[in-house]
1. Please list, by residue number, every one of the trypsin sites (Lys or Arg not before Pro) in the stretch 26-126 that is coil in DSSP and has at most 15 other beta-carbon atoms within 10 Å.
2. Name the residue, out of Ser83, Ser53, Ser12, whose mean-square fluctuation peaks in a Gaussian network model built on the chain with Cα pairs under 10 Å.
3. Using the Cβ atoms and a cut-off under 13 Å, what net charge is assigned to the surroundings of Gln50, where Lys and Arg are +1 and Asp and Glu are -1?
4. Which longest run of the chain has no exposed loop site in it, a site being GluC sites (Glu not before Pro) in a DSSP loop with at most 15 other beta carbons within 10 Å, and the site itself not part of the run?
5. Give me a comma-separated list of calculated 3J(HN,Hα) values for the stretch 134-148, in order, Karplus coefficients 6.51, -1.76, 1.60 applied at θ = phi - 60°, integers in Hz, x for any Gly or Pro.
6. Give Lys56/Lys114; Lys56/Lys86; Lys41/Lys114; Lys10/Lys142; Lys19/Lys153 a once-over and call out the pairs whose C-alpha atoms are over 18 Å from each other.
7. Can you give the FRET efficiency for Thr111 and Ser12, using 1/(1 + (r/R0)^6), R0 = 45 Å, r = Cβ-Cβ distance, to the nearest 0.05?
8. Around Cys107, under 10 Å between beta carbons, what's the net of Lys plus Arg minus Asp minus Glu among the other residues?
Amino acid sequence: MDLPFRIEKKESFRTVGYKIQTTNRRGEGRKAIPALWTWFKTENLDKPLQALSNQKQQGLLGINIYNTDETDPRKFEYLIAVSSDKDTRNDITEYAIPAMTWAIFPCTLETIGKTEAMAITKWLPKSKYRPLNKGYLTGRMKSGAPDIEYYGKDGLVEIWIAVKETA
């Protein structure tokens, strides 16, 4: 499995953006996340949010934050965000991305789902890296870090999966 990728260590950084709470039950998250993006675009929130971006990670981030409910491992939060250290309004959520090693897979908007699935099911099991998250296939997540979609300039799209190198 020869997916293009790079391994990158990143320091912790603060993000700000718009959040929803959803679940992997009955595919709800697969409906709620696109609905959030539609709302985000319909309300023309892209430019005001991008105006808050002033850190190294320039562009929009789609952040999956797992294990937000101790009683249900299928519940998670999803955030459309930018990296920023600026003060924000009350309707904006803050979230700190922990310092982490990431396996980063470039893709396109059309191939994002397929790339993520191949990275998790084909590339990671054969690589010298292990994901910090478990439960992708069942939706019952055991999380060590968020998963991130990165939407940069000129159509750049990446999947970031938190990993650790095996001995």
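1. Within the stretch 26-126, the qualifying trypsin sites (Lys or Arg not before Pro) (loop, at most 15 other Cβ atoms within 10 Å) are Lys56, Lys86, Arg89.
2. Between Ser83, Ser53, Ser12, it is Ser12 that shows the largest mean-square fluctuation.
3. Working: positive: Lys41, Lys47, Lys86, Lys153; negative: Asp46.
Value of the local net charge: +3.
4. Values: sites that count: Glu11, Glu43, Glu70, Glu110.
So the longest stretch without any such site is 111-167.
5. In residue order, the calculated couplings are 10, x, 4, 6, 8, x, 9, 7, 10, 10, x, 5, x, 9, 10 Hz.
6. Lys56/Lys114; Lys41/Lys114; Lys10/Lys142; Lys19/Lys153, as the Cα separations exceed 18 Å there.
7. Between Thr111 and Ser12 the formula returns 0.95.
8. Summing Lys/Arg as +1 and Asp/Glu as -1 gives -3.
Every number here is computed from the coordinates shown, using simple stated rules; none is lab data. As the structure is a prediction and not an experimental result, all values here were calculated from the model. Don't worry about glycine lacking a Cβ; one is built from the backbone with ideal geometry, like all the others, and counts go over all protein chains shown.
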